[in-house]
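Read the structure below first, then the notes.
The values are calculated or read from the model by the stated rules, or taken from the named source; none is laboratory data. Everything numeric in this text was worked out from a predicted model, so none of it was measured. Cβ sites come from the backbone with ideal geometry, for glycine too, and all protein chains shown count toward neighbours.
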Amino acid sequence: MAAVIPTETVLSTHHYTDDLFSFKTTRPSGFRFRSGEFAMLGLMNEGKPLLRAYSIASPNWADELEFYSIKVPNGPLTSRLQHIKPGDEILLRPKATGTLIHDALIPGRNLWLISSGTGIAPFTSVARDPETYERFEKVILVQTCRQMAELQYGIDIVDEIRRDEMLSELVGDRLHHVATVTREEPGPNTLVGRCTDLVRSGDLFEVTGTAPWSPDTDRVMICGSTAMLNDTKDLCEAAGLDEGSVSRPGRYVIEKAFVG
Ligand code: A2P
């Protein structure tokens, strides 16, 4: 018989666009994870659990769990998940895993968190973890989206970090947020173009006051679509960075954005 999957209670939801929303749930007692990991969550569907891998967007010290999701039209899970409201129950398997974690990287000076779309979710966990700022001098959170409204979740989390008394003191001016759009005029503090093109042109390094990637100083975490991962990975390799894993740490790590 299949093991029963525990449920957690939805505490809040926030709809950013017609296609994107975030939600918070209770955290199972005793559920430990490393910032950047993912877990399986979902709903019952015709008497069976329907689960998908979701990056945990909240940091490992938080009492609540947070997730950031796309709404796929006719998607078996997200077409229903998008309607959850406070008080509802979701299924959550309290076991986390993944490669976008500190232990998969060897020590360095700059940590680059490069994402497209909902691929930012693991990085809003990592960027809110004090350990990130103990390990790295500078943290650069990069997100590329098609439109301005899709950048709002990342903007809100960075605002939250800056407003948090303890985190803001620790982070100071060491967290840089680079938001880019590809299919709309950029708004204030936003660049135009794919993250990969900004690496190639050098604009990403110029706006953050950082030298181009070097194996001595730079560590990169990547999360996005398959095409984005492959292109960003190639740029890392071209810069002389080697791929890391939990069993063999390196200079960059990748994970695909799951629910697409
Ligand atoms: P673009 O508009 O030029 O395709 P998607 O919703 O298709 O996953 O795309 C999310 C964002 O990621 C879009 O801004 C898209 O840019 C960008 N993107 C798509 N493919 C790549 C890639 N290979 N490298 C970098 N960014 C990409």
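Scanning region 225-260 for residues that are more than 16 Å from the ligand (Cβ to nearest atom), polar (S, T, N, Q) and out of contact with any helix residue (DSSP H, G or I) (no Cβ under 8 Å at 6 or more places or on another chain) yields a total of 1.
When A96 is tested against (1) within 30 Å of P215 (Cα to Cα); (2) in a loop (DSSP other than H, G, I, E, B), just one condition goes unmet, and that condition is (2).
For (1) away from the ligand (no atom under 16 Å from the Cβ); (2) assigned to a helix (DSSP H, G or I); (3) farther than 26 Å from G108 by Cα; (4) in contact with a strand residue (DSSP E or B) (Cβ under 8 Å, 6 or more places away or on another chain), each residue gets a yes or a no:
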{"site": "L151", "(1), (2), (3), (4)": "no, yes, yes, yes"}
{"site": "D156", "(1), (2), (3), (4)": "yes, yes, yes, no"}
{"site": "V178", "(1), (2), (3), (4)": "no, no, no, yes"}
{"site": "R200", "(1), (2), (3), (4)": "no, yes, no, no"}
{"site": "S214", "(1), (2), (3), (4)": "yes, no, no, no"}
{"site": "C223", "(1), (2), (3), (4)": "no, no, no, yes"}
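Residue-by-condition table, conditions (1) in a helix (DSSP H, G or I); (2) farther than 13 Å from V220 by Cα:
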| residue | (1), (2) |
| --- | --- |
| A39 | no, yes |
| A62 | no, yes |
| S79 | yes, yes |
| I114 | no, no |
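Residues checked against (1) of a type in the set (S, T, Y); (2) more than 13 Å from A62 (Cβ to Cβ); (3) at pLDDT below 95:
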{"site": "A3", "(1), (2), (3)": "no, yes, yes"}
{"site": "H15", "(1), (2), (3)": "no, yes, no"}
{"site": "R27", "(1), (2), (3)": "no, no, no"}
{"site": "A39", "(1), (2), (3)": "no, yes, no"}
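Looking only at region 166-176, residues that are assigned to a loop (DSSP other than H, G, I, E, B) and touching a residue at least 12 places away in the same chain (Cβ under 8 Å) come to 1 in all. I161 - would you say it is within 16 Å of the ligand (Cβ to nearest atom) and among the aliphatic types (A, V, I, L, M)? No, not satisfied.
Looking at R109, is it within 23 Å of T210 (Cα to Cα) and either over 14 Å from the mean Cα position of the chain (by Cα) or not assigned by TED's automatic domain parsing to the domain that holds A211 (or both)? Criteria met by R109.
For region 125-149, a residue qualifies if it is within 14 Å of the ligand (Cβ to nearest atom), without any contact (Cβ under 8 Å) to a residue 60 or more places away in the chain and of a type in the set (A, V, I, L, M), and exactly one does: M148. Could you tell me which residue of region 218-240 is farthest from the chain's Cα centre (by Cα), considering only residues that are surrounded by 23 or more Cβ atoms within 10 Å (Cβ to Cβ) and not charged (D, E, K, R)? Step by step, filter region 218-240, then rank; the result is C236.
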